[in-house]
Amino acid sequence: MAVKHPVEQSGNTSPLAARMRPSTLEDYVGQEHIMAPGKLLRRSIEADRIQSLILYGPPGTGKTTLAQIIAHHTQSHFERLSGVESNVAEMRRTLATATQRLAATGQSTLLFVDEIHRFNKSQQDVLLPDVESGVIQLIGATTHNPFFFVNAPLVSRSQIFELRPLDAECLKRLLKRALEDEERGLGTLPLKVAPAALDHLAHIADGDARKALNALEIAATTTDPHEDGHIHISLEVMEACIQKKAVVYDGDGDAHYDTISAFIKSMRGGDPDAALYWLAKMIHAGEDPRFITRRIMICAAEDVGLADPMALVLAQAAHQTVEVIGWPEARIPIAEAVIYISGAPKSNSAMKAIDLALQDVQSGETLPVPMHLRDGHYAGAEKLGHGKGYRYAHDFPEHFVAQDYLGSEKTYYEPTEQGVERKLKERILTWREAFRSQKPSVNHPSPSPPH
């Protein structure tokens with residue numbers, strides 16, 4: 001006889017993410033940069049001193065939840081409009097009622113506008129007079145950058161708080177809370193969730209709590225009970241529910257470091273196809289794009305170096321673009337940087353040069369600054385002989401003059417013939433010959449007599 005699914009006896013009909021929405025500051029998870037004790041937004045909520053604000057961030061990061069928490073903590077009347085469903089007539093009715101409420105009872109209105117970027121300019125302008133006069137305190141929620149999608153007058157009258165994608169640990173806390181909660185969550189179901197399945201869901205949900213919780217509910221409500229009466233959620237079940245296959249990639253273990261190692265070595269070795277594969281694996285596994293672009297910048301500086309200085313410029317541009325656009329579009333500028341660096345001429349001369357200089361400074365005698373190079377721009381410097389005899393390079397042909405810049409003959413930088421470094425090599429070797437042709441410097445301070 002078929003085992004009846006336990007969920008059939010449950011009275012819960014709304015999605016798990018909606019049922020598990022926190023209603024208190026203590027239950028709110030994540031966004032420590034704005035919600036940790038002592039932070040401005042948390043202090044404002046606790047003191048019921050909320051001014052107009054705009055909450056900006058990706059889906060599932062807690063914008064609506066935060067608005068509802070504020071509603072529970074405020075003495076103001078709470079109203080809600082939708083940027084998708086509400087029209088100007090409804091907005092005007094809400095604002096007129098808020099004006100009457102303030103006049104009759106002295107109670108202000110806290111107006112939450114979900115997806116405020118969906119309002120056009122005229123609709124947003126309707127809100128402006130009442131925000132300006134203090135009849136309403138506006139809380140706008142948007143997934144779009146408010147500096148581009150919300151009218152400047154509203155932005156200037158609001159505090160902007162950016163919410164960030166939740167990290168895997170925060171998502172696991174929310175998932176475990178849902179599994180244990182018998183009133184709102186899945187705690188009454190005989191669930192057995194494999195740790196690997198929970199880890200996969202937390203990492204693959206892209207920082208979206210709604211996505212993670214609803215996928216967990218799908219797994220729980222569509223998986224038939226085992227013969228032992230329990231609903232077993234394995235990694236394979238979770239892969240199907242979240243529609244993403246788990247790759248062998250632990251965020252802080254061997255697979256993580258092995259993959260990034262293969263990625264760097266492929267770019268260094270000039271194989272863009274291999275580098276793109278390892279990049280795709282990291283993207284699919286949910287790797288932080290900023291971690292990837294930091295490693296690309298390091299490769300551009302260390303392995304391409306002066307053979308093609310544009311590689312570092314492109315790597316830095318990819319890093320900055322990631323901060324602005326995020327996944328999935330960020331894969332494109334990252335791939336551009338990876339392909340460019342893989343195909344660029346390679347030189348590690350800059351890395352070797354600074355390492356040699358550091359080794360000299362750490363293990364050798366500290367060289368004094370030659371007298372003619374010392375700062376001569378303060379009163380009394382001339383009497384000390386500081387700056388005396390220094391020759392300004394721009395006063396000489398080709399803006400170069402051979403003089404002693406170190407007080408000791410050292411060679412750290414060994415230019416290569418790679419790429420544009422070839423021209424740099426010609427110039428530097430010519431200058432070195434000019435330096436060596438100079439007589440030893442006489443502008444050094446005499447050693448101090450022993451005490």
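All of the numbers you see were taken from the coordinates with simple rules; none came from a lab. The structure displayed is predicted, hence computed values, not measured ones. Counting neighbours? That spans all protein chains shown, and the Cβs are built from the backbone with ideal geometry, glycine included.
Worth pointing out:
- Neighbour counts of other Cβ atoms within 10 Å put 73, 203 in the fewest-to-most order 73, 203.
- Cα gyration tensor, the range 167-242 - rounded (a/c under 1.5), prolate or oblate: oblate
- Ranking of 117, 399 by neighbouring Cβ atoms within 10 Å, starting from the fewest: 399, 117.
- Estimated [θ] at 222 nm from DSSP helical runs (n ≥ 4, -39500 (n - 2.57)) normalised by residues in the chain, nearest 500: -14500 deg cm²/dmol
- Calculated on the Cα set of the range 101-255, radius of gyration then Dmax: 21.8, 66 Å.
- Measuring between their Cα centroids, the range 258-319 and the range 124-186 lie 34 Å from each other.
- Shape category assigned to the range 254-343 from the gyration tensor of Cα positions, a/c cut at 1.5: oblate
- For the listed peptides 346-352, 191-197, 379-385, 403-409, a ranking on the average number of other beta carbons within 10 Å per residue, highest first, reads 346-352, 191-197, 403-409, 379-385.
- In the chain, the inverse of the mean reciprocal separation of distinct Cα atoms equals 27.7 Å; this is its Kirkwood hydrodynamic radius.
- Descending by average beta-carbon neighbour count within 10 Å, the peptides 301-314, 19-32 line up as 301-314, 19-32, the highest first.
- Unit Cα scatterers, Debye sum, the range 15-153: log10 I(q)/I(0) for q = 0.21 Å⁻¹: -1.40
- One equal scatterer on each Cα of the range 367-437, no solvent, Debye formula: the resulting log10 I(q)/I(0) at q = 0.14, 0.16, 0.19 Å⁻¹ is -0.58, -0.72, -0.90.
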